[in-house]
Amino acid sequence: MLPEDMGVISLAWAQGAGAGQQGLDLLSLAPIILMFVVLYFLMIRPQAKRAKEHKAMLAALAKGDEVVAGGGMLGKVTKVTDSYVSIEIASNVEVQVQKPSIQLVLPKGTLKNAT
C-alpha cells in the first residue's frame with residue numbers, strides 16, 4: 001500500500017462513522033418521566049398519606065381510648081405523654097410503650113366484648 005492510499009482509507013472510515021445524536025429529545029426521555037410519575041402515584045403518595053393518617057391518630061390519642069399496640073397487645077390508654085403511652089392490659093397491670101408503636105385505635109367497648 002502506498003502512503004497516499006492510507007490517507008484515503010482513513011478518510012473513508014472517518015466519513016462512514018456518522019455523527020452521533022447531538023442532544024436528547026423529549027421523546028427519548030418520555031419513558032423515564034412516565035416511570036417516575038407511575039412510581040409517585042403507586043408508591044410514594046399512598047405511603048405519605050398513611051404516614052399522615054397515623055400521625056394524626058397518635059396526636060388524637062387520649063386517656064380512655066382502647067388501642068392495639070405493636071405485637072398485638074390490646075389495652076386501654078391510661079396516660080399519654082409526648083413520647084410514651086401507658087396502657088392498662090389487665091386490671092392493675094400497666095405497660096408503657098412508645099407512641100409510634102400504637103397501631104390502631106379501637107371503637108369504644110371493644111375490649112369488654114373481647115373478654
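Figures for the structure shown
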read-out: Inter-site label distance for Glu88 and Lys112 at 7 Å from Cα along Cβ, in nm; value: 1.3
read-out: Computed P(r) (all Cα pairs; the range 36-107; 5 Å bins; percent); value: 3, 17, 25, 19, 11, 8, 7, 5, 3, 1, 0
read-out: Sites Ala60 and Val95, calculated FRET efficiency, Cβ-Cβ separation with R0 25 Å, nearest 0.05; value: 0.75
read-out: Spatially proximal lysines relative to Lys55 (Cα-Cα < 22 Å; intrachain offsets below 8 disregarded); value: Lys63, Lys76, Lys79, Lys99, Lys108
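Bear in mind that the values in this text are calculations on the coordinates, not laboratory data. In this text, all values refer to a predicted model and were calculated from it rather than measured experimentally. Don't worry about glycine lacking a Cβ; one is built from the backbone with ideal geometry, like all the others, and counts go over all protein chains shown.
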